[in-house]
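Please read the structure below before turning to the comments.
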Amino acid sequence: MERLESLRDDDPVIYGTIRGELNRRRTGLEMIPSENHCSHAVRQALGSILTDKYSEGYAGKRYYGGNEFVDVAERAAIERAKALFGVPHANVQPYSGSPANLAVYFALCKPGDVIMGQSLPDGGHLTHGWKASVTGQFFKSVQYHVRPDGYIDIDEVKKLAEENRPKLIWVGATAYPRGLPFEELGGIADSVGAYLAADISHVAGLIVGGVHRSPVPYAHIITTTTHKTLRGPRGALIMVTEKGMQKDPDLADKVDKAVFPGLQGGPHDHQTAAIAVALLEASRPEFKEYAAQIVKNAKALAAALTENGIRLVSGGTDNHLLLIDLTPFGKGNGVFVQEALDQVGITTNKNTIPNEPASPFYPSGIRLGTAAITTRGMREGEMKLIGRMFADVISEVKGYQLPEDKKQRGEYLNKFRAEISGSKRLAGIKGEVMALCSRFPVYPELEVE
Ligand code: DSN
């Protein structure tokens, strides 16, 4: 049993924070699709003494002494990543997904080069060339979109690639409920001589589990975070495929140099070790069952939501993620639904939808996912119940409308918060959420008073 006594005695503020977060997680449903509950073993490696080490460089080629044990951990992480994904090269040092993607730019592009990625409101990531990101400002970014049916517009990608001849094309997303079209975008990248980088952060665990197609035959480079469906600690990997090595035999070396010394200093060795543990866990047969169940649960939840009259972008899901389209209830109403869901203990995030009629801060969608609730052991029966609870929460707040006048929004939101805090219906749903959570405990090894 882990009791965190030292922390309790040393720092009551941080101890209290962890206790509060533990209670929040135990009594609520984590349904942000980029979150999960990693294992006790992963957290033991992450909380280990390896955090005290400096090891700039790579295994066997460090700028500091005393790395004989850190080298073992880093080599284990590399070999496990290579075996799991079927690639000849892996770099396990990126601090997180955005630095990993920046390293890809640094390895392949010069400022001003043309790059292409999926537009943010269409489900793409900031680092795939969105205008607010350095990647949309230091490079000439061309953004592609989804069609009205919610699927990536392959014809548009082809047309834009032919017109703009990009150096690098990204495939990958943060809010895309359908299978990623690696083969189609690989063909387009090849036809214009571009590199294809697949950012599989959201679906890495599904790929490993065999329930999402793999980018390996089609992409030159693959990046992924390690903490979403892959269920590891925060962190990231960059992998180079055989196809990438054939296009440029120096690609692995360029990627390694871009990470260190290009963008980062010392790797976070505790994080590397925890990634190694997570990759080992992901190689076990039970992880395949877990990945398959994530998708079954997402499909069951999509069916339950649809039966309860909720509209989904693209009409459903192929992966772990769903995107609720709230436009039948008004524009920019994600904030009301997110906050009402928070109140009942269901954590999601407001999100833009394709052709967003409002704004990224007041978007018209809700993004949710099934990775963490599947880790707790929930299955299709629980998804039916959760789908009905979502519909009830949405119905409770559907009358609220975001004021057009920005100056009125703060006051309106305060009134909304005061009103929903007294809602008996929401209080009833919170009771149902807590009863459900008590049947599926998380972090049983933690005992924090
Ligand atoms: N913040 C991640 C997500 O929620 O999908 C992407 O960076």
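Here is how the numbers come out for the structure above:
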| item | result |
| --- | --- |
| Only listed residue being over 17 Å from the mean Cα position of the chain (by Cα), free of Cβ contacts under 8 Å to residues at least 60 places away in the same chain and surrounded by fewer than 18 Cβ atoms within 10 Å (Cβ to Cβ), chosen from V134, V157 | V134 |
| Residue under evaluation T306, criteria (1) part of a helix (DSSP H, G or I); (2) under 22 Å from the mean Cα position of the chain (by Cα); (3) without any contact (Cβ under 8 Å) to a residue 40 or more places away in the chain, criterion not met | (2) |
| Failed criterion for G117 (all others in (1) within 16 Å of the ligand (Cβ to nearest atom); (2) over 10 Å from L168 (Cβ atoms) hold) | (2) |
| Every residue from the stretch 24-42 that is more than 16 Å from the ligand (Cβ to nearest atom) and charged (D, E, K, R) | R24, R25, R26 |
| Residue list for the stretch 132-171, filter: in a loop (DSSP other than H, G, I, E, B) and more than 16 Å from the ligand (Cβ to nearest atom) | F138, F139, H145, R147, P148, D149, G150, Y151, D153, R165, P166, K167 |
| Some residue of the stretch 382-393 being touching a residue at least 40 places away in the same chain (Cβ under 8 Å) and more than 15 Å from I310 (Cβ to Cβ) | yes |
| Filter result (open to solvent by less than 80 Å² (accessible area, probe 1.4 Å) and under 31 Å from the mean Cα position of the chain (by Cα)) within the stretch 404-427 | R409, G410, L413, F416, I420, L426, A427 |
| Of residues in the stretch 335-344 being closer than 18 Å to R26 by Cβ and open to solvent by less than 10 Å² (accessible area, probe 1.4 Å), the one farthest from the ligand (Cβ to nearest atom) | V344 |
| Identity of the residue in the stretch 350-361, buried (at least 20 other Cβ atoms within 10 Å of the Cβ) and not basic (K, R), that ends up nearest to E404 (Cα to Cα) | A358 |
| Filtered residue count, the stretch 362-382, keeping only those that are in a loop (DSSP other than H, G, I, E, B) and either away from the ligand (no atom under 14 Å from the Cβ) or within 12 Å of L321 (Cα to Cα) (or both) | 7 |
| Segments classed as helices (runs of 4 or more DSSP H), wholly inside the stretch 172-253, with at least 3 members that are surrounded by fewer than 24 Cβ atoms within 10 Å (Cβ to Cβ), away from the ligand (no atom under 16 Å from the Cβ) and not aromatic (F, W, Y) | 182-192, 242-247 |
| Total residues in the stretch 1-58, condition in contact with a Leu (Cβ under 7 Å, 6 or more places away or on another chain), surrounded by 16 or more Cβ atoms within 10 Å (Cβ to Cβ) and not in a helix (DSSP H, G or I) | 2 |
| Qualifying positions in the stretch 80-111 - among the polar types (S, T, N, Q), touching a strand residue (DSSP E or B) at 6+ places or on another chain (Cβ under 7 Å) and surrounded by 24 or more Cβ atoms within 10 Å (Cβ to Cβ) | N91, N101 |
| Considering residues of the stretch 112-131 that are aliphatic (A, V, I, L, M) and farther than 14 Å from L160 by Cβ only, the residue least open to solvent (accessible area, probe 1.4 Å) | L120 |
| Selection count, the stretch 254-277, where residues are closer than 19 Å to N101 by Cα and part of a helix (DSSP H, G or I) | 13 |
| Qualifying residues in the stretch 417-445 (those that are out of contact with any helix residue (DSSP H, G or I) (no Cβ under 9 Å at 6 or more places or on another chain) and aliphatic (A, V, I, L, M)) - the one farthest from D392 (Cα to Cα) | A418 |
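The values are calculated or read from the model by the stated rules, or taken from the named source; none is laboratory data. Note that the structure is predicted; figures quoted are calculated from it, not measured. Backbone-built Cβ (ideal geometry, glycine too); neighbour counts: all protein chains shown. Just so you know, the surface numbers come from the protein's heavy atoms only, side chains and all, with ligands and any DNA or RNA stripped out. Shrake-Rupley method; radii C 1.70, N 1.55, O 1.52, S 1.80 Å.
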